[in-house]
Amino acid sequence: NFAVNRAEDSFAVSQRYIMGHSGVCPNIKCVLKEFAKTHYDIFNKSRSYEKFKITSKAAEEKEALLTHCTEIFLEGMARFPSHKLLRLLYSQYLIHIANNRSASLEHLHVLEDQDPTFEEGALIYGCKADIKECLLTAKKRENEHLAVSSFVAFESHFSLFKAQIGDAAVLCYQFWSMLLEAVPDFLVLKNYGFHIQNCSKEINEHWREMQRINPDSISALKLYISYLEEIENDEEYGNEMKEQMKRIDVFKVNAPVSYTHLRAHETPEHLVCRLLLEKKKKKKKQKKTKKKKKK
């Protein structure tokens, strides 16, 4: 109810402004005049304040008001092209309200070419900093969204991949047990073979997608190697995958570790060794300094 009341209040304020402006404005092609003609006559007949109508009207009103404000700014800058504060206000309006950062940057570059004062230069710098912050936050949100979406995609592919390998193992067992019978049913065998082929296709598709998202997943590699060796009976390709897994393990082991990380996991034995080495280093330095003094 609170949200609907807030929407109704803002809707009423913007409606009064648009109706008041359309009654006073001498411009025939005014955006708000056209908006009032096409929307408010029908709206006033119905007098319905349903939520969906308010939200749709609010979006249309916002667009009309933004166009109206932009026209006011552009008309003012056309009349007073050397008015720096007006152009600066328009830049701030483009950043924070119209969400048009590229246009704002263009106007800020124009301001910089007009030899601004120290105070105006500080305001221009502030506007540029706002644009940079907006771009960084947008990029951060995009990266976070991509990271989360890729993680979810990998997990869904991995669960389906695991399930398909289980199904393929069961089908292979049923196929070979049927084949070893005294009188095997070839129609059933054909059906099993068809399902095994479909399972292998889906397994390979999921594997390709997982490799695209995260090629260094050890758990996926282990599962795929077991599938190749135990179900597909492809030892050659399984050995290739084992080599790939070894390379990933070596890379992870040889990855650089920070000094603070090592100190955090230091045992008493490591501490003694470190202190002894530091003593040796100090003695060597002292000997070198003594030799230099003698020379």
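Summary table below
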quantity: Cα-based Rg of region 148-223 normalised by 2.2 N^0.38 Å, two decimals; calculated: 1.37
quantity: Kirkwood-based shape ratio for region 93-141, expressed as Rg/Rh from alpha carbons; calculated: 1.01
quantity: Debye log10 I(q)/I(0) for region 64-194, one point scatterer per Cα, at q = 0.16 Å⁻¹; calculated: -0.88
quantity: Amide H contacts of CYS30 (H built 1.01 Å from N, under 5 Å, at least 5 apart or other chain); calculated: none
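A short reminder: the numbers here are calculations on the coordinates, not readings from a lab. Not measured: the values here are computed from a predicted model.
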